[in-house]
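These notes concern the structure reproduced below.
Every number in this text was worked out from the coordinates using simple rules, so none of it is lab data. Since the structure is predicted, the reported quantities are computational estimates derived from the model, not experimental observations. Cβ placement follows ideal geometry from the backbone for every residue including glycine, while neighbour counts extend to all protein chains displayed.
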Amino acid sequence: MAQKRCYFLPCLVLSFILILPDLKAQIKSPYKQLLTSSETIISDTISGIGLDLNESNPQAKHGEVDISIISPGGSNLPYIYKVDYRPDEGFIGVDTFVLEYRYANTFPYLAYQGFRVSVKPSIVKANTDYTLVEAG
């Protein structure tokens, strides 16, 4: 009598291996996560060919966002932007804001990226100290 083989278990394991990365991608947050301590600026760089970067809604409620150009693009060179987030003095918590990406001559023309900034209390406190040095 021929012995029957069970292919169910290997197929089940293989399907989990193939499906698991897709499930992790679906769970991923739509926000880019940034972490800083109170009263400390955090920066990020964003680049793209033909990219124009602007603030969109919702804007940061507990801090200030500043966008500056590090390198102007053109002639197939990417624009490079620096995005600074400065939390309000004394703010501890989470703040969010959205940036609008405009790409010239491409589809989709507009794209949006949310940023989630976690502002934690600083564990280091720097106190001003004075040193007296004798001349001579």
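Here are the numbers:
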{"item": "Value of Rg to Rh for the range 33-136 (Rh from inverse mean 1/r over Cα pairs, i.e. Kirkwood)", "result": "1.18"}
{"item": "Sorted peptide list for 48-56, 125-133, criterion being average Cβ within 10 angstrom, highest first", "result": "48-56, 125-133"}
